[in-house]
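Okay, so here's the structure we're looking at.
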């Protein structure tokens, strides 16, 4: 995320057939519609808030149910890659997204809406899991995943920037139905997607020891980072609204921050390998910590934009480094594949726990808690990188 982080490490031999250009386009489209709620979490919550009138606490729990449903089906998809025809599985996932969004428009009440988001989130997880597996077969996986992330963030940035105009011109119900329609159109691209299961080796078959402290440290570090950042990121629009910032100021800040995420991922890719991971992640964590603290109290327009930029820049800078750490924990790909589910669970639980802190009517408790968890993530990451160097 980026929101979901992409994996480019081959998981098993033999090497499967390479993805065609049309197949790459299809896989990117499938991944985008699957992860769109994560790409635009603040905008998604704003749409639901306008449509339902749910309070901030309810919105946090709703996002958690949606994203955690993704995490479950991403994890299940990892095991299903060698057992299920990919096109049929992705078609099922896309249909669940369509049905979930249509039902969200039709139902009333918090519990019923949660159920519709579980349906949509489950479909999104299937789409994400299989699309990432397909992108891993591209002739240049790094480039394919880079295109996926850049396109996702550009679209998210454009939507968040135009959100005030869109909200004024198009009802939230219509927006959800438009997204359902666009998702249905992606079904037309599935003929180019590989069917996968016949030539995908089972990465969980057979033995192969892994270093448990190293693997656990890497995965917990990822979980804590996503838990802290997505918890705050999900409420960034609400933080701006609580400070009585204008919708245009909020939209501009979110848009600029989202584009900063593209820069963060690019900077991580250009980082000299000799620098290692510990120092860059420590500096990135410090920048994110400053971003969190700028969200406290009455937030000015400048502070809101700077906070969002620092949060998204540092988050997306850290993701590739943590992915590499997980990839090196197991060269057969078991740890980095598990990371996809772990980070999504963190993304879902973050807003839920944040929601429980809002009973005071202030976002400050949520922000201080996120700061503590972020520091813990950085400390654990540095310790894990030290163990990785020792094992190497």
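The values are calculated or read from the model by the stated rules, or taken from the named source; none is laboratory data. None of these values were measured; they are calculated from a predicted model. In this analysis, Cβ positions are derived from the backbone assuming ideal geometry, glycine residues included, and neighbour counts consider all displayed protein chains.
What the table below lists for this structure:
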quantity	calculated
Pairs where the first residue, in region 133-152, is more than 22 Å from residue 76 (Cα to Cα) and the second is surrounded by fewer than 20 Cβ atoms within 10 Å (Cβ to Cβ) and modelled with pLDDT under 80, C-beta under 6 Å, 6+ apart	139/18
Of all residues making up region 343-372, the number that are closer than 27 Å to residue 128 by Cα and surrounded by fewer than 23 Cβ atoms within 10 Å (Cβ to Cβ)	4
Residues (more than 16 Å from the chain's Cα centre (by Cα) and touching a residue at least 60 places away in the same chain (Cβ under 8 Å)) located in region 60-79	61, 78, 79
Some residue of region 290-305 being under 22 Å from residue 340 (Cβ atoms), outside any loop (DSSP other than H, G, I, E, B) and out of contact with any strand residue (DSSP E or B) (no Cβ under 7 Å at 6 or more places or on another chain)	no
Region 352-374: number of residues that are in a helix (DSSP H, G or I) and touching a helix residue (DSSP H, G or I) at 6+ places or on another chain (Cβ under 7 Å)	14
Neighbours by Cβ (under 7 Å, 6+ apart or cross-chain): first from region 371-386, closer than 13 Å to residue 322 by Cα and assigned by TED's automatic domain parsing to the domain that holds residue 287; second outside any helix (DSSP H, G or I) and modelled with pLDDT under 95	385/276; 385/277
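Table: residues versus (1) in a helix (DSSP H, G or I); (2) at pLDDT 95 or above.
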| residue | (1), (2) |
| --- | --- |
| 139 | no, no |
| 145 | yes, no |
| 156 | yes, no |
| 162 | yes, no |
| 167 | yes, no |
| 178 | yes, yes |
| 183 | yes, yes |
| 197 | no, no |
